[in-house]
Amino acid sequence: MDDTDENNRALKVVPKSHSKGIYRPETIDWTVETEEICSVEKGGIMIMKPLLLHGSNRTTNGKKRRVIHIEFSDLELPEELNWSERITEYSVD
């Protein structure tokens, strides 16, 4: 919805961190790991694995960073939880 860059809270990610299992921020060796800033132009799309270690800084230019965050999964939730929306049948044409 908005341009995002290093000045207005663009997402920062640790590349390939999703493939390292449980990877807690306090155990990261920053002499080995790097962060990458994911700038996205207005109307752009960023797709990432849900377990990718990510975060953002505060804005330094006063501009907004409005996003729509959607998660997809084919996993079943524990009995006491429900997906807010769910498609149970797929049609292949």
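The condition of being surrounded by 12 or more Cβ atoms within 10 Å (Cβ to Cβ), among the aliphatic types (A, V, I, L, M) and modelled with pLDDT of 85 or more does not hold for V32. Restricting attention to region 13-47, the residues that are of a type in the set (D, E, K, R) and over 23 Å from T59 (Cα atoms) total 6. With the condition kept exactly as written, say whether any residue in region 60-69 is among the hydrophobic types (A, V, I, L, M, F, W, C), modelled with pLDDT of 85 or more and assigned to a loop (DSSP other than H, G, I, E, B). Within region 60-69, none of the residues are among the hydrophobic types (A, V, I, L, M, F, W, C), modelled with pLDDT of 85 or more and assigned to a loop (DSSP other than H, G, I, E, B).
Scanning region 1-51 for residues that are outside any loop (DSSP other than H, G, I, E, B) and farther than 21 Å from F72 by Cβ yields T4, K12, K20, P25, E26, T27, E36, I37.
Residue selection: I22 satisfies the criterion of being among the aliphatic types (A, V, I, L, M), loosely packed, with under 11 Cβ neighbours inside 10 Å and either at positive phi or at pLDDT below 80 (or both).
The values are calculated or read from the model by the stated rules, or taken from the named source; none is laboratory data. Keep in mind that what you see is a predicted model, and the values were worked out from it rather than measured. Neighbour counts are summed over all protein chains in view; Cβ atoms, including those assigned to glycine, are modelled from backbone coordinates with ideal geometry.
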